[in-house]
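Structure first, then comments.
The values are calculated or read from the model by the stated rules, or taken from the named source; none is laboratory data. Keep in mind that what you see is a predicted model, and the values were worked out from it rather than measured. Every residue, glycine as well, gets a Cβ built from its backbone with ideal geometry; the counts of neighbours run over all protein chains shown. The protein model used for the area step is the full one, side chains on, heavy atoms only, and it has no ligands, DNA or RNA in it. Shrake-Rupley method; radii C 1.70, N 1.55, O 1.52, S 1.80 Å.
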Amino acid sequence: MSAPMPHVLAIPYPAQGHVIPLLEIAQLLAKHGLRVTFVNTDFNHSRIVRAVERMDFLGDQIRLVSIPDGLGPGENRNDLEKITEVMFRVMPGKLQKLIEEINRKEEDRITCVLSDACVSWPIEVAVKMKIPRAAFCPFSAAVFASGLAVPKLIKDGVITDDGTVIGQQTFRLAPDMPVMGATNLLWTCMGASFSQRIVLDLMVGYSVSLKLADRVICNSSSVLEPAALEFIPQMKPIGPLLAGDRFGDPGGYFWVEDTSCLKWLDEQPPNSVVYVAFGSFTVFDRTQFQELALGLELLRRPFLWVVRPDICEETDELYPEGFQERVSGRGKMVGWAPQQKVLSHPSVACFVSHCGWNSTMEATSNGVPLLCWPYFADQFLNESYICDKWKTGLKFDRGDGGIVTRDEIKLKVHLLLDNGEFSKQTRDLKEKVKASVREGGESHTNFIDFVEWIKAL
Ligand code: UDP
C-alpha cells in the first residue's frame with residue numbers, strides 16, 4: 001500500500017489576528033503542492049464565507065471546514081474567559097471526531113496537524129492520535145518567550161502566582177530584549193474585561209506546545225528579534241508572512257473589505273496619506289473616538305481611517321458634529337480595509353496603529369513608519385520593539401484620563417514625518433526583512449525545510 005499524500009490539518013485560535021497568518025501559511029503550503037484542511041469554529045467560518053464574494057481564490061488544495069466552539073449563537077465571543085473555558089472543554093472532542101471522519105478514506109488521511117501555538121489542545125489531540133504535529137506562533141517570539149519564563153519569574157519573586165508584578169520590578173529575559181515589567185507583560189495588559197489568570201494559564205501552556213510539537217515555526221524574523229529567538233532555539237522564524245510575496249491575496253477576513261480605498265489612494269500624492277487602523281479587537285469610548293477624529297482633522301493632510309462597525313462602545317452620533325463634511329475632501333473612512341494592499345501603496349506615509357503583531361509585521365515589511373497606540377495584550381511589548389529597538393516609530397503620550405489628545409496626534413504625526421531618520425530606519429529594516437523571506441534568506445530556508453519535513457512524513 002502506498003503512503004498517503006501529505007495532508008495538513010491547520011487550526012488557528014479563533015480570532016482574526018490568528019486566522020489570517022495561519023491561512024497565509026496554508027496558501028504557501030498549497031503553493032508547494034500540499035493539501036490543507038483548515039478548521040475554523042462554525043461561528044468564524046460563517047463570517048469568513050459571508051465576507052467574501054468567492055471562496056475559490058483558495059484553490060482546490062485548501063478546504064475550509066468548521067467545528068463548534070461550544071458557545072451559543074448570541075454569546076459574546078470577545079469574552080476570552082468564557083470562550084477559553086468552553087473551547088477547552090468542547091473543541092478537542094470535536095476535532096478528534098473530525099480527524100477520524102477524514103481519516104476514513106485512506107487517501108485523505110491527515111499526515112500532520114499544524115496548530116496555533118497559543119493553545120496546546122490540538123497538539124495534544126494529535127499526540128493521542130499519533131499524528132505528527134507542528135505549532136505556529138502568530139505573535140512575537142518575545143511574547144512566547146515571556147510565557148515560557150513564567151515559572152522562573154514566579155520562582156525568582158518577580159511575579160506572584162497570578163502574574164502580578166511584585167513592586168516596581170523590571171527585568172530582561174535576555175540581554176538584548178526590551179525591559180519588561182507590569183507595563184508590557186501580556187497578561188498584565190488585558191484590560192478589565194479579561195482575566196489575567198486565564199491568560200497566564202494559556203501562556204504557561206506554550207511550554208506544552210513547545211514540548212509536544214515536532215516542529216515550531218513563527219511569523220517573525222531573526223532580523224527583528226534575534227535575542228528572543230535565541231531564547232527558544234526550537235522555534236524557527238518563517239516571516240514576516242505577506243500575501244504579496246507569493247503574488248496572492250490574503251484571506252480569512254471576518255468583515256467585508258471596502259476596496260474603494262485603493263482607488264482613492266491612487267488619487268493621493270505619493271507618501272502623503274496617514275493610514276489609521278486598530279485591528280479587530282480595539283474598542284474606543286466616544287470621547288477618545290471623537291478626539292481622534294479631531295486630531296486627524298487638525299493634520300491637514302489626507303487620511304484613510306478604518307472605522308470598524310464595532311470600533312466604538314456607542315453607535316449613535318459617532319463623529320463630532322460636522323466632521324464628515326469638513327474632511328470630505330481629504331479623509332476617507334471605511335469599515336474594513338484591504339490592509340496589506342493599503343500598506344504597500346506608495347501614497348501611504350505612515351500608520352497610526354494599535355501595534356497588533358500582524359499589523360506591525362505588515363508595516364515593517366512595507367517600510368511604513370508607525371505611530372503606536374497600543375490597546376491591550378502584546379501590543380505594549382510590540383510598541384517597545386518598534387520605538388526602542390527598531391526605531392521605526394513613535395509612541396503617543398496619554399493625557400488626563402488616559403486620553404490621546406488631538407494636539408498629541410498632530411504633534412507626533414508631524415514629528416514622525418518631518419524627521420527623515422524614521423523613514424530611513426524603516427526602509428533599512430524593510431530591506432533586511434525582505435532579504436530574509438527571499439530565496440536563500442533565513443526565513444525562506446526555514447519554510448522550505450518545514451515543507452520538506454511535511455512531505456517526508
Ligand atoms: N486588517 C485588515 N483590514 C483592516 C484592519 C485590519 O485586513 O481594516 C488585518 C490586518 O492586515 C492584520 C489583521 O487584520 O492582518 C489584524 O491583526 P493584528 O495582529 O494587527 O491585530 P488584532 O486584530 O489581532 O488585534
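Quickly estimate the mean residue ellipticity at 222 nm for the chain, helices only: each DSSP H run with n ≥ 4 gives -39500 (n - 2.57), and the total goes over all residues, rounded to 500. Intermediate values should be presented prior to the final figure.
Values: 18 runs with 185 residues, N = 457.
Computed ellipticity for the chain at 222 nm equals -12000 deg cm²/dmol.
Rounded to the nearest 10 degrees, the angle from helix 442-456 to the longest Cα principal axis of the chain is 30 degrees. Restricting attention to the chain, close to 5% of DSSP beta bridges with both partner residues there are antiparallel.
Counting only aspartates and glutamates at least 8 places from Lys130 when in the same chain, those with an alpha carbon closer than 13 Å to its own are Glu100, Asp214.
Remark: segment 1-104 carries 47 Å² of accessible area per residue (probe radius 1.4 Å; ligands, DNA and RNA excluded). Put simply, the Cα atoms of segment 176-231 extend 33, 28, 16 Å along their principal axes, the longest span coming first.
Let me know the shape class of segment 207-246, please: from the alpha-carbon gyration tensor, a ≥ b ≥ c as square roots of the eigenvalues, rounded when a/c is under 1.5, otherwise prolate if a/b is greater than b/c, or oblate. Oblate, since a/c reaches 1.5 and b/c is not below a/b. Overall size of segment 25-166 from C-alpha positions, given as principal axis extents largest first: 53, 36, 27 Å. Note on surface exposure: Asp56, Asp108 rank Asp56, Asp108 by accessible area, highest first, 1.4 Å probe. For segment 328-396, list log₁₀ I(q)/I(0) at each q in 0.14, 0.29 Å⁻¹, using the Debye formula over Cα point scatterers of equal strength and ignoring solvent, two decimals each. After summing over all Cα pairs, the log10 values are -0.41, -1.35.
Expected output is a single nm value to one decimal: the length gained when fully extending between Asn419 and Glu81, i.e. 0.36 nm times separation in residues minus the C-alpha distance. What is it? Provide the component values of the computation, followed by the final result.
Working: separation 338, 0.36 × 338 = 121.68 nm, distance 4.31 nm.
Going from the current span to full extension adds 117.4 nm.
When the accessible area of the chain is computed with all protein chains present and a 1.4 Å probe, what percentage of it is carbon and sulfur? Carbon and sulfur atoms account for 51 percent of the accessible area of the chain. Considering segment 355-432 at the alpha-carbon level, its Rg and Dmax are found to be 12.4, 40 Å.
Hydrodynamic analysis of segment 251-321 uses the Kirkwood radius over alpha carbon pairs. Inserted into Stokes-Einstein at 20 °C and 1.002 mPa s, it gives a translational diffusion coefficient of 157 µm²/s.
Summarise the long-distance tail of P(r) for segment 106-158 by giving the % of C-alpha pairs beyond 17 Å. Walk me through the numbers before you get to the answer.
On the way: 709 of 1378 pairs.
Everything past 17 Å amounts to 51 percent.
Given q = 0.10, 0.20 Å⁻¹, what are the Debye log10 I(q)/I(0) values for segment 282-416, with equal point scatterers placed on the Cα positions and solvent ignored? Here the Debye-derived log intensity ratios amount to -0.31, -1.40.
If the chain linking Glu106 and Thr445 were pulled fully straight, counting 0.36 nm for each residue of separation and taking away their Cα-Cα distance, it would gain 118.9 nm.
Probing with 1.4 Å while keeping every protein chain in the model, the per residue accessible area of segment 227-330 equals 45 Å².
Can you give the net charge of the other residues whose Cβ lies under 10 Å from the Cβ of Ser66, counting K and R as +1 and D and E as -1? Don't jump to the answer; show the numbers that get you there.
Numbers: positive: Lys94; negative: Asp42, Asp69.
Summing Lys and Arg as +1 and Asp and Glu as -1 gives -1.
Need one number for the chain: average projected area of the convex hull over its C-alpha atoms, nm².
Values: hull surface 86.3 nm².
So the mean shadow area of the Cα hull is 21.6 nm².
Once you sort the root eigenvalues of the Cα gyration tensor of segment 39-114 as a ≥ b ≥ c, which label holds: rounded (a/c under 1.5), prolate (a/b larger than b/c) or oblate (the other case)? Since a/c reaches 1.5 but b/c is at least a/b, the shape of segment 39-114 is classed as oblate. With 29 Å as the limit, the listed pairs Lys94/Lys152; Lys105/Lys455; Lys31/Lys434 have Lys94/Lys152 beyond it between alpha carbons.
What is the calculated FRET efficiency for Thr183 to Glu314, with r their C-beta to C-beta distance and R₀ = 25 Å, to the nearest 0.05? Using R0 = 25 Å, I get an efficiency of 0.30. Checked against a 26 Å cut-off, the cross-linked pairs Lys391/Lys412; Lys341/Lys424; Lys332/Lys432; Lys341/Lys391; Lys128/Lys211; Lys97/Lys236 give Cα-Cα distances beyond that limit for Lys332/Lys432; Lys97/Lys236.
Taking the chain as the reference, fit the longest principal axis to its C-alpha atoms, fit the long axis of helix 420-437 to the helix C-alpha atoms, and give the angle between the two in degrees, 0 to 90, nearest 10. Tilt relative to the chain: about 10 degrees. Once the Cβ-Cβ distance of Asp400 and Ser328 is raised to the sixth power relative to R0 = 35 Å, the FRET efficiency obtained is 0.65.
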